Amino acid sequence: MKNIYYKFKLLTLIMGLIFPFSEIFSLDVNVRGILKDSEGQPIVGAKLFLTETKSVSRSGKDGTFEFQHVSPGNYTLVVSAPNFELKTERFEIKDLDKTLEITLRPSLLEGIAINVTAKTVASDFLSTPQPTTVLEGRQLQRLRGQNVMSALENTPGTATLTTGAGTSKPVIRGLTGQRVLVMTDGVRQEEQQFGDDHTVDLDAFNVDKMEIVRGPASVLYGSDALGGVINIIRSKAPTAKDGAPLLGGSISTNSFSNNKQDAGAISLYGYHKDTNFGYRVQTDTRKAGRITTPNGTLPNTGFHERNINASLGTDGSWGNFYVDSFQRYQEQDLYDNPNESLGSTAYQTVLHQKTHMHAFFILPFVNVELDAAYQRNNRREIEDKNRYMPIKDTLLDPTADPLYKAASAYQVNRFDYKQGLNLSLDTTTADAKVHHKEWKGLKGTAGISGMQQKSATIGTEPLIPAYNLSAIGFFLFEEWKVGDFSFSAGARTDRRFMDIRANSDLGNAEQTKNYSASTGTLGTVWKFAKDFSLALNAGRGFRAPTPFELYANGVHEGSGRFEIGKDSLRPETSLNYDASVRFANDKFQAELSVFRNKIDNYIYAVSAGAFDSDSGLPVYRYRQDAAKLEGGEFSFQAQTSSWLVLTGGIDILRATIQKNVPPEILQNPGATDPEAIYSDIKSKYLPRITPNRARLGLRFTTDKLLGISKPYFSVNGTFVQSQYKVDKLETPTQGYNLYDIGFGGEIPGMTNGSESATFDVAVLNVFNKEYVNHLSRYKDYALSPGTNVTFKMNIPFTLISN
C-alpha cells in the first residue's frame, strides 16, 4: 500500500513540474462581451465564471468583460450579480474571437447560484444531479451565526447537532458525524468527528460561500459521504480578475446578547500587478459567556476561540494556483447533566491547523487539477478546570509531608498535557483530477485520491488506541448531454488500511484492519421546459468504521458517556434513490425532492441501561443494524412584488432501524435478560433524528430608506413537530414554534468600489419561547436558548489603490 501511495505522490510532483509550462500549448483566442440590464444600462462588478476552465472575470464600469487565451471547444458561462437573476450561456469557440452580449433581468431571489461540489464541473440550480443549496453574499452574511455551521440551521434538509453555542456539526437528511463529509475548497476536513461534541473546526468569518449537497457523494469523495457533502469555499487571496487594490481590507464584528458574545475580525488583502500575485491575511477572536434560557442561565457553557488565516495566489490563461493556510484554537466549556455530575467544570480544547495547495492547469484537450493538504488536529477533554483536582486529597491532607505535596504539584504542572483525554491526529491528503473537455456532448473526469493519517493517544484517559491509516481511491465520472437531457454516471473503488497499536488500558492487541469498497452513481436531468427540470439519481455509498467505533473503551467527557466500541464492525454500505422537480426564473424558484436511503451495517451507539461505577456516566455500546431513511423536502422563494419576497419550505423525515440480536448475546444466553432483548428489538427508530419542520418568511426591501441603501426588514417563523419516534431510552421532545425578525442594509457613505459597508440586526426567538431542540446534546436536562439579539457589521476599506 505504501508503495502505491508514494508512487502517487511522485506522479503528482512530476505533473506539478511539467504543467506550469502548459501556456505554450494554448491558442490565442479571446472571449469578450458586455453585460447589461433590461434597460440597456451596464452592470458593474458582476462575476462571470467559465465552468470548463474555472476562470473568473468581472464586468468593468462599462459592463465589459474578457477571457483571454481560450482554446477551441464548447463552454458554459455562468453570470451572477447582486439583485439580478443568475444566467447561464452556452457557446462554442472555434478559431476566432468570440463576442457575447448578455442581458440580466432584475431579481431579489437568493441562493440560485452555481455549485462546484455536486459533480466534477460547475452546475446551476436546474442542471445539478442532486439537490443542492448554496449560501453566499448578503444571504450568508445575514445567516452567519456563532459558529461556521450555524448558517445551515434552516436550509432544506439540513440541521445542526449542537453542544452549546460554540459547537455544532451538520446533519443532512438525518445523518451526521462521519456520514457527512465537510470540505474546504474540495479538500476533506479531518478533525476526529466521532463525538457528538466535536465541532467543525473552521472560522465562521473566513467564508465566501457554502455549498450543501444532499445525498451520497462517495463516488467523488470516497468514504464518509453517505448523507451528503458540505463544501466551504474560504475567502482567499484576490487575483487579477478581482480588481483588488494593492492594499485593502475589511473589519467585521458580530455580537450576540444571549450569552454576551462578542467577535471581531480584521483582514488585509491585495493584488500586486508586477508579480501577478495576490495575498490575504486575517485574524479574529470570539468570546462568549453562559447561555441564557427562559428558565435562567446554564453554568459552564461559555467558550472562546482564536483564528489566523493566510493565503497567496496567482492566475493566468494557463490556470491558477494558490496556497491557503489557517489555524484555529477553541476552548469550550461542557455542561454535564447536573443529575449525574453536579457542579462539573469539564471542558475541551481543540487546535486545528491546515495548509492546502491547489493548482489548476488549462490544456488544449484536458484540464488538470491538483490538490495537496496537510492538517493537524489536537483534541483535549478534561474533567475539571482545576488541574490539581487529581491530587486534591493529598493537598488537603494536614498529615501529608509538605515536600510530598510540593512534589505532587510539580508533577501535575510538568505533565499537565497528559491530564484527561489528549488525542493528536496528523493527516496528509493528495488528489489529482483530469477533466477532459466536451466532445459530442460528453465530458467528465478521472481522478485519484490518497490519504495518510497518524493518530497518537497521549493523555491519561486513552479512549482510543494510537493508529496509522492509509487510503487510496480511483474514480471516473462522465456526463453526456443530449438535447434537453443530461445523463451522468460514475464509479469508484476505495481501499483503506489501518494499523492499530496495542493499548493495555483499552485491552486491545496490535492488529491490522483492511477495508475495500466499490461505489457508483447514475443520474439524469431533463429540462422539459424553459424554467423546469426533473432530476433522478441513484447512488451507492460506503463508510469504513472509525477506530473510535471499533476500540473505544472509556470516559468520553465531551459526550458525557462511558462508550464501548466493537472491533468486529463491518463497513457501512448505502443505496440511495432521490428525485427532484425544480423551477427557476427571475421571480420564482422552487424545488420538491423525495429520497430513500437504505444503509446496511449502520453503526450507532445505544444506551446499555447501566452506569459506569467509577465515573457515574451512562454506558453506551456500539452495534450494527440495517437502517432506512425516507422523506422529502419542499422549498420555495417568490418575489411577489418589487419590494416583497416570500420564502418557505417543509422537511419530512422518517428514520427506522431493523434490529437484530447481537451475536455476543447468543453466545452467552444465560447471562441475558430476554425481556430486555425483546424490548430493544421492538424499538425501531434511530436516535437523534431531525423532527419534521416547516419554515415561512417575509423579506421587505427597497432601494433606499432613511438614507440606508438596499434596506430590508424580515420576519421568519420556524415550526417544529414533536419528535416521539425515538430510540429506546432516548428522551422525546415536544414541538414548538419560533419567530425571528431582522433589519439591515448598506451603511451610507461607506462604499469601497463595488463593495459596501453593511449591517444586520436580528432578534431570534422573539417571544422567549421555552423549547427543547431535539438535536441539542443538552436536551435531557436543559432548555434551549431564549431571546437573542444579534448585531453584525462589515466595513471594507482601501489603503493603497492599484
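Taken together, the values in this text are just the output of simple stated rules run on the coordinates, not laboratory data. Just so we're clear, the structure is a prediction, and the values are computed from it rather than from any experiment. Reconstructed Cβ throughout: ideal geometry from the backbone, glycine too, with neighbour counts over all protein chains shown.
Below are the figures for this structure:
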quantity: Entries of LYS682/LYS728; LYS54/LYS87; LYS659/LYS728; LYS98/LYS433 with Cα pairs more than 19 Å apart; calculated: LYS98/LYS433
quantity: Pairwise label distance in nanometres, ASN752 with SER613, each label 7 Å out on the Cα-Cβ vector; calculated: 6.4
quantity: Footprinting exposure proxy for LEU396, LEU351 (fewest neighbouring C-beta atoms within 10 Å first); calculated: LEU396, LEU351
quantity: Rounded to 10°, Cα long-axis angle of helix 2-18 versus longest principal axis of the chain; calculated: 30
quantity: FRET efficiency for THR798 and THR285, using Cβ-Cβ distance with R0 set to 22 Å, rounded to 0.05; calculated: 0.35
quantity: Sequence ranges 781-789, 726-734, ranked by mean other-Cβ count within 10 angstrom, highest first; calculated: 781-789, 726-734
quantity: For segment 149-302, size of Cβ-based charge dipole, Lys and Arg +1, Asp and Glu -1, in debye; calculated: 220
quantity: Ranked VAL229, VAL761, criterion: other C-beta atoms within 10 Å, fewest first; calculated: VAL761, VAL229
quantity: Net charge of Cβ neighbours under 9 Å - reference GLU510; Lys, Arg +1; Asp, Glu -1; calculated: 0
quantity: Fewest-first ranking of SER218, SER613, SER488, SER455, using other Cβ atoms within 10 Å as the exposure measure; calculated: SER613, SER455, SER488, SER218
quantity: Cβ-derived FRET efficiency at R0 51 Å, LYS418 paired with SER257, nearest 0.05; calculated: 0.85
quantity: Equivalent ellipsoid dimensions for the chain as semi-axes, Å, which come from the Cα gyration tensor, largest first; calculated: 43, 30, 28
quantity: Around VAL207: net Lys/Arg minus Asp/Glu count, Cβ-Cβ under 12 Å; calculated: -2
quantity: Residues PHE91 and ARG596, FRET efficiency given R0 of 56 Å [Cβ-Cβ distance, rounded to 0.05]; calculated: 0.90
quantity: 26 Å Cα-Cα threshold exceeded, pairs from LYS385/LYS779; LYS209/LYS513; LYS169/LYS437; LYS169/LYS527; LYS725/LYS792; calculated: LYS209/LYS513; LYS169/LYS437; LYS169/LYS527; LYS725/LYS792
quantity: Neighbour net charge for ALA655 - beta-carbon separation under 13 angstrom, K R +1, D E -1; calculated: +4
quantity: Chain lengthening between THR99 and ASP703 when straightened (0.36 nm per residue, less Cα-Cα); calculated: 214.2 nm
